[in-house]
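Encoded as structure tokens, the structure appears first; notes follow it.
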Amino acid sequence: MKAKIRNIDFSTSFAAALCIGTDINSYYPTPYSYTDTVMAKLAFFDQIHDFFRKKRLAYEYDRNAEAIILIGIFPLDDRDCFAEKHILPRLSALKEQDHKIICGIGLPAMNNLHLQESVSTSKEAFELHFFETDTFFEYQKSFRRNPFSFEDYEKYSERALKSILMKSGDALENIAACMDLIRSIHYGNKNAAIMRAMNFTGELAYQLHRYHFLESDFYKYQDALQEKVLSAASYANVKTHVLNYYKEILPIIYREHRGSGKMMVEQVKAYIRENYMKELSVEELAAIACVSPTYFSHMFKNETGENYKSYLTGIRLDAAMELLSGSDLRLYEISELVGYKNVRTFVEAFQRKYGVTPGIYKKQL
């Protein structure tokens, strides 16, 4: 239960929340039961509280299974150095007792209205231990600007998928880059980083299954990976689990999907259906089938009765018909959406297949 905010003389002092916890496994050599672990943590929190209370530096505000939150009261003159002068020496004394101390310091509060902000920022600073090897974090000094966006994440994840589909040698490198990007985007938010990592691997598995690169029994491996990610003690561990997983399954995928021409063509057709709005070269499609461009063209026509360009055009024009009948988009907008940069080329292709121009088809509707 949260304690009542005490009266603080803000004319001579300021307050800052301290979120302090410990990695219980760092000093217990054998696995404890959940109850034993919780009891050990609560006893340690009591020790921390008594230690700071006796020094008249802080009082307990709240606690949970991960940490105890203290409200520290410091001289106003020490605002720029309070952590170095008052907190770090006390934490060092506690460390001598073989406890791994993790501490997050919130923003300084100059009045009671800012105390809740100090509490919330101390929790955010505490969460940084999941991303770093350090154990002491000041919110105002530790957080940095994230230079990446979710659009960057989409690009990185698409690149990772494409490198696997094309059986590229840099697939593992692209997966690692995407994991690093997730860390940067969600830095400071442990749960968001874990969920994003799980979504990334889950989406890769889903797409690989759609492209016939993964069979259903691979999902048991995916479930095992998700369990490891959820229980990881740090983001470095999350990344290691993910990379080890793909180091294991990528060779299997590459080895087992050098099968029949029919299977390879099905993989390419699935890829075309998902990416028809983009420029698709014969080299790119041949790489997915793991054959030369010349052999790919022959193989595709032999299996489907049409060349890959004709199949791609059919997919694009079918999508165009849906947009013509179900939207008010202009002709040039539909042309771009289905993969044609030139409207005239789109109109001519549509007329060859359906006998009328897109504009006339729209009027007939």
* Asked: In the stretch 137-162, what residues are over 30 Å from residue 254 (Cβ atoms) and of a type in the set (S, T, N, Q)?
  -> 140, 142, 146, 149
* To do: Return the total of residues in the stretch 171-194 being in a helix (DSSP H, G or I) and either hydroxyl-bearing (Ser, Thr, Tyr) or free of Cβ contacts under 8 Å to residues at least 12 places away in the same chain (or both).
  => 4
* Could you list, in sequence order, all residues of the stretch 317-336 that are among the polar types (S, T, N, Q) and out of contact with any Ser or Thr (no Cβ under 9 Å at 6 or more places or on another chain)? => 325, 327
* Residues of the stretch 168-205 satisfying the condition of being among the polar types (S, T, N, Q) and within 23 Å of residue 125 (Cα to Cα) -> 184, 189, 191
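Quick check on the stretch 123-170: of everything there that is among the polar types (S, T, N, Q) and assigned to a helix (DSSP H, G or I), which residue is surrounded by the most Cβ atoms within 10 Å (Cβ to Cβ)?
Restricting attention to the stretch 123-170, the residues satisfying the condition of being among the polar types (S, T, N, Q) are 133, 135, 140, 142, 146, 149, 157, 163, 168.
Going one step further and asking which of them are assigned to a helix (DSSP H, G or I), we end up with 140, 142, 157, 163.
Numbers: 140: 13, 142: 18, 157: 22, 163: 19.
Among residues in the stretch 123-170 that are among the polar types (S, T, N, Q) and assigned to a helix (DSSP H, G or I), the one surrounded by the most Cβ atoms within 10 Å (Cβ to Cβ) is 157.
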* Asked: Is the stretch 238-246 home to any residue that is polar (S, T, N, Q) and at pLDDT 75 or above?
  -> yes
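Per-residue answers, yes or no, for (1) farther than 30 Å from residue 88 by Cβ; (2) among the small types (Gly, Ala, Ser); (3) in contact with a helix residue (DSSP H, G or I) (Cβ under 9 Å, 6 or more places away or on another chain); (4) modelled with pLDDT of 90 or more:
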{"residue": "134", "(1), (2), (3), (4)": "no, no, yes, no"}
{"residue": "158", "(1), (2), (3), (4)": "yes, no, no, no"}
{"residue": "183", "(1), (2), (3), (4)": "no, no, yes, yes"}
{"residue": "196", "(1), (2), (3), (4)": "yes, no, yes, yes"}
{"residue": "210", "(1), (2), (3), (4)": "yes, no, yes, no"}
{"residue": "217", "(1), (2), (3), (4)": "yes, no, no, no"}
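Per-residue answers, yes or no, for (1) surrounded by 14 or more Cβ atoms within 10 Å (Cβ to Cβ); (2) on the phi < 0 side of the Ramachandran plot; (3) among the aromatic types (Phe, Trp, Tyr); (4) not in a helix (DSSP H, G or I):
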{"position": "278", "(1), (2), (3), (4)": "no, yes, no, yes"}
{"position": "285", "(1), (2), (3), (4)": "yes, yes, no, no"}
{"position": "288", "(1), (2), (3), (4)": "yes, yes, no, no"}
{"position": "299", "(1), (2), (3), (4)": "yes, yes, no, no"}
{"position": "302", "(1), (2), (3), (4)": "no, yes, no, no"}
{"position": "309", "(1), (2), (3), (4)": "no, yes, no, no"}
{"position": "313", "(1), (2), (3), (4)": "yes, yes, no, no"}
{"position": "332", "(1), (2), (3), (4)": "no, yes, yes, no"}
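Got a number for residues in the stretch 195-242 being outside any helix (DSSP H, G or I) and small (Gly, Ala, Ser)?
4
Output yes when any residue across the stretch 214-233 is in contact with a Lys or Arg (Cβ under 6 Å, 6 or more places away or on another chain), surrounded by 14 or more Cβ atoms within 10 Å (Cβ to Cβ) and farther than 30 Å from residue 133 by Cα, and no when none is. Let's see the steps before the verdict.
The initial filter retains those residues of the stretch 214-233 that are in contact with a Lys or Arg (Cβ under 6 Å, 6 or more places away or on another chain), namely none.
There is no residue in the stretch 214-233 that is in contact with a Lys or Arg (Cβ under 6 Å, 6 or more places away or on another chain), surrounded by 14 or more Cβ atoms within 10 Å (Cβ to Cβ) and farther than 30 Å from residue 133 by Cα.
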* For residues that are outside any loop (DSSP other than H, G, I, E, B), farther than 14 Å from residue 13 by Cβ and small (Gly, Ala, Ser), scanning just the stretch 50-92, find the one that is nearest to the chain's Cα centre (by Cα). => 67
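Results for (1) closer than 30 Å to residue 100 by Cβ; (2) aliphatic (A, V, I, L, M), shown as yes or no for each residue.
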site	(1), (2)
141	yes, no
152	no, no
160	no, yes
165	no, yes
177	no, yes
193	yes, yes
196	yes, no
200	yes, no
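When you go through 113, 76 one by one, which is the residue that is out of contact with any strand residue (DSSP E or B) (no Cβ under 8 Å at 6 or more places or on another chain), among the aliphatic types (A, V, I, L, M) and under 19 Å from residue 7 (Cβ atoms)? Steps first, answer last, please.
Numbers: 76 fails: out of contact with any strand residue (DSSP E or B) (no Cβ under 8 Å at 6 or more places or on another chain).
Checking each option against the conditions leaves just 113.
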* Asked: What residue, among those in the stretch 337-361 that are assigned to a helix (DSSP H, G or I) and in contact (Cβ under 8 Å) with a residue 40 or more places away in the chain, is farthest from residue 280 (Cα to Cα)?
  -> 361
* Asked: Residues in the stretch 346-353: is at least one surrounded by 14 or more Cβ atoms within 10 Å (Cβ to Cβ) and of a type in the set (S, T, N, Q)?
  -> yes
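The values are calculated or read from the model by the stated rules, or taken from the named source; none is laboratory data. Values in this document were obtained by computation on a predicted structure and should not be read as measured data. No Cβ is skipped: glycine too gets one built from the backbone with ideal geometry, and neighbour counts run over all protein chains shown.
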